[in-house]
Amino acid sequence: MRVKIDSAGRIVIPKEYRFEYNLRANTEANVLPLADGTGLGLFRLVPKCANCGTEKELSKYEGISLCPSCALKVLRAIER
């Protein structure tokens with residue numbers, strides 16, 4: 001699908017792609033050059049627990065995401 005870059009360097013991601021790849025307002029993503037140098041790739045960031053890698057029920061503290069189980073482990077370690 002062809003899109004144009006506006007004067008501020010922005011593009012509109014077509015609706016069908018936003019829906020298919022779950023890209024909503026305020027979704028965090030990385031824009032990286034493709035290895036072959038032919039363009040850019042857009043990669044949605046999926047939050048994960050910094051300790052175990054799970055993606056469910058995360059809490060964030062100072063930019064670090066933790067699941068309930070790992071947050072409890074951290075609290076227990078601090079209390080020692």
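With respect to the conditions (1) β-branched (Val, Ile, Thr); (2) within 16 Å of the chain's Cα centre (by Cα); (3) over 18 Å from Met1 (Cβ atoms), Val31 falls short on a single one, namely (3). Just one of the listed residues (Cys49, Cys70) is hydrophobic (A, V, I, L, M, F, W, C), surrounded by 12 or more Cβ atoms within 10 Å (Cβ to Cβ) and out of contact with any helix residue (DSSP H, G or I) (no Cβ under 6 Å at 6 or more places or on another chain), and it is Cys70.
Exactly one residue out of Ile5, Ile13 is under 17 Å from the mean Cα position of the chain (by Cα), assigned to a loop (DSSP other than H, G, I, E, B) and among the aliphatic types (A, V, I, L, M): that is Ile13. Looking at segment 27-37, can you tell me whether even one residue there is surrounded by 10 or more Cβ atoms within 10 Å (Cβ to Cβ), of a type outside the set (Gly, Ala, Ser), touching a residue at least 24 places away in the same chain (Cβ under 8 Å) and part of a loop (DSSP other than H, G, I, E, B)? No; the residues of segment 27-37 include none that is surrounded by 10 or more Cβ atoms within 10 Å (Cβ to Cβ), of a type outside the set (Gly, Ala, Ser), touching a residue at least 24 places away in the same chain (Cβ under 8 Å) and part of a loop (DSSP other than H, G, I, E, B).
Every number here is computed from the coordinates shown, using simple stated rules; none is lab data. This one's a predicted model, so the numbers in the text were calculated from it and none came from an experiment. Reconstructed Cβ throughout: ideal geometry from the backbone, glycine too, with neighbour counts over all protein chains shown.
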